[in-house]
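These notes are about the structure you will find just below.
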Amino acid sequence: MVHRRPLIAGNWKMFKTCPEAVETAKQLLKRVAKTTDVDIMIAPPFTALAQVSDVVKGTCISVGAQNLFWEAEGAYTGEISSSMLVSAGCRYVIVGHSERRQYFNETDESVNWKLKSSLKNGLIPVMCVGESEKEREAEETFSVLDKQVKNGLEDFSADDLKVLVVAYEPVWAIGTGKTATAEQAQEVHEFLRAMLEKKFGNTLAKTTRILYGGSVKPNNIAELMSMPDVDGALVGGASLDPETFSKIIQFQNRT
Ligand code: PEP
């Protein structure tokens, strides 16, 4: 059986000024510095990336960005490229978060371009997919995910995607306090892994980490992580508080 190293990632969204982000990173580091069995990523706002990277440099915590623009450089006011993120200390980047799809016209096509740019520049992309409540109720979950994954990963080979991380984030569970049950998450993760296998072969399917995201908290992480195809979590609200997030990171000690 292939061992997939768990990844617990925190998406801070549009929260925290530079001093607040630095302080949160320091407080988190104090609590998780000895972690060896889980990869940890935090995604502060763009403005705090470089400072937070300095705080966690050489530790078990990596830094990720919440978005990027696919062009290398140019007259694109307000946008940030992959190489800029790398120079600010990023190792990861979140691509296609449902809030970007919902509020900023992110499409599967732009997700595809962003994945290409991030992989080309050595960033690990965390590609987010997930259905809305309406789509789940209409029993369209699998067809929605099928389209998001197929279009998002168009033109790639298995070799290109070795570091890809997928995050299943049912839109109805994000920031709502409604978590998918561990069984619901497992059912979708299994489906996503089968899709990867069909499109890119067994090796990529077996090694790709698939995270669950949607109201993950210290009291539900262990159950979610007990599922065979759940390889970690993308955490929003509960990642803002270092004490709470450290409890999620240390989920093994809570079973
Ligand atoms: C997210 O923003 O990716 C997320 C899962 O948020 P929350 O944990 O707050 O539901």
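How many residues does segment 230-252 hold that are in a helix (DSSP H, G or I), open to solvent by less than 10 Å² (accessible area, probe 1.4 Å) and of a type outside the set (A, V, I, L, M, F, W, C)?
Residues meeting the conditions: 2.
Examine segment 136-151 for a residue that is within 16 Å of the ligand (Cβ to nearest atom) and not in a helix (DSSP H, G or I), and state whether such a residue exists.
Among the residues of segment 136-151, not one is within 16 Å of the ligand (Cβ to nearest atom) and not in a helix (DSSP H, G or I), which makes the answer no.
Since GLU243 meets every condition but one in (1) within 15 Å of the ligand (Cβ to nearest atom); (2) within 21 Å of PRO45 (Cα to Cα), which condition does it not meet?
Condition (1) is where GLU243 drops out.
Looking at LEU204, LEU224 in this structure, which one is part of a helix (DSSP H, G or I), surrounded by 16 or more Cβ atoms within 10 Å (Cβ to Cβ) and touching a strand residue (DSSP E or B) at 6+ places or on another chain (Cβ under 9 Å)? Before you say what the answer is, go through the steps one by one.
Working: LEU204 fails: touching a strand residue (DSSP E or B) at 6+ places or on another chain (Cβ under 9 Å).
Result of the check over LEU204, LEU224: LEU224.
Taking LYS198 as the residue in question, decide whether it is open to solvent by 40 Å² or more (accessible area, probe 1.4 Å), free of Cβ contacts under 8 Å to residues at least 40 places away in the same chain and within 15 Å of the ligand (Cβ to nearest atom). First the steps, then the outcome.
Numbers: open to solvent by 40 Å² or more (accessible area, probe 1.4 Å): yes; free of Cβ contacts under 8 Å to residues at least 40 places away in the same chain: yes; within 15 Å of the ligand (Cβ to nearest atom): no.
Spelling it out, it is not the case that LYS198 is open to solvent by 40 Å² or more (accessible area, probe 1.4 Å), free of Cβ contacts under 8 Å to residues at least 40 places away in the same chain and within 15 Å of the ligand (Cβ to nearest atom).
Give me a count of the residues in segment 162-190 that are more than 17 Å from GLY232 (Cβ to Cβ) and either open to solvent by less than 50 Å² (accessible area, probe 1.4 Å) or within 10 Å of the ligand (Cβ to nearest atom) (or both).
6
Let me confirm something: among GLU71, GLU99, GLU79, GLU106, which residue is within 16 Å of the ligand (Cβ to nearest atom), of a type in the set (Asp, Glu) and more than 20 Å from GLY10 (Cα to Cα)? Quick ask: steps written out before the conclusion?
Numbers: GLU71 fails: within 16 Å of the ligand (Cβ to nearest atom); GLU99 fails: more than 20 Å from GLY10 (Cα to Cα); GLU79 fails: within 16 Å of the ligand (Cβ to nearest atom).
When all the criteria are applied, what remains is GLU106.
State which residue pairs qualify: first residue within 14 Å of ILE124 (Cβ to Cβ) and inside segment 84-105, second residue basic (Lys, Arg) and in a loop (DSSP other than H, G, I, E, B) in any location, beta carbons under 8 Å apart, and separation of 6 or more residues or different chains.
GLY89/LYS57
Quick one: ALA75 ticks every box in (1) surrounded by fewer than 17 Cβ atoms within 10 Å (Cβ to Cβ); (2) closer than 21 Å to GLY214 by Cβ; (3) not charged (D, E, K, R) except a single one, so which number is it?
(2)
Just checking, how many residues over segment 90-128 are among the aromatic types (Phe, Trp, Tyr), in a loop (DSSP other than H, G, I, E, B) and open to solvent by less than 10 Å² (accessible area, probe 1.4 Å)? Write out each step before concluding.
Here is the first cut: in segment 90-128, the ones among the aromatic types (Phe, Trp, Tyr) are 92, 103-104, 113.
Okay, now just the ones that are also in a loop (DSSP other than H, G, I, E, B), so 104.
With the extra rule that they be open to solvent by less than 10 Å² (accessible area, probe 1.4 Å), the set shrinks to none.
Residues flagged as among the aromatic types (Phe, Trp, Tyr), in a loop (DSSP other than H, G, I, E, B) and open to solvent by less than 10 Å² (accessible area, probe 1.4 Å) within segment 90-128 amount to 0.
Take segment 1-25 and flag every residue that is loosely packed, with under 14 Cβ neighbours inside 10 Å, without any contact (Cβ under 8 Å) to a residue 60 or more places away in the chain and not hydrophobic (A, V, I, L, M, F, W, C). Steps first, answer last, please.
Step one: list which residues in segment 1-25 are loosely packed, with under 14 Cβ neighbours inside 10 Å, which gives 1-3, 5, 14, 17, 19.
So of that shortlist, the ones also without any contact (Cβ under 8 Å) to a residue 60 or more places away in the chain come out as 1, 3, 14, 17, 19.
If the condition is that a residue be loosely packed, with under 14 Cβ neighbours inside 10 Å, without any contact (Cβ under 8 Å) to a residue 60 or more places away in the chain and not hydrophobic (A, V, I, L, M, F, W, C), then HIS3, THR17, PRO19 are the ones that fit.
Hey, could you check segment 51-69 for residues that are within 18 Å of the chain's Cα centre (by Cα) and assigned to a loop (DSSP other than H, G, I, E, B) and say which is surrounded by the most Cβ atoms within 10 Å (Cβ to Cβ)?
Only one residue tops the list, namely LEU68.
The values are calculated or read from the model by the stated rules, or taken from the named source; none is laboratory data. Worth saying up front: this structure is predicted, and the values here are computed from it rather than measured. Glycine gets a Cβ as well: all are built from the backbone with ideal geometry, and neighbour counts include every protein chain shown. We work out accessible area using only protein heavy atoms, side chains counted, and drop any ligands, DNA or RNA first. Shrake-Rupley method; radii C 1.70, N 1.55, O 1.52, S 1.80 Å.
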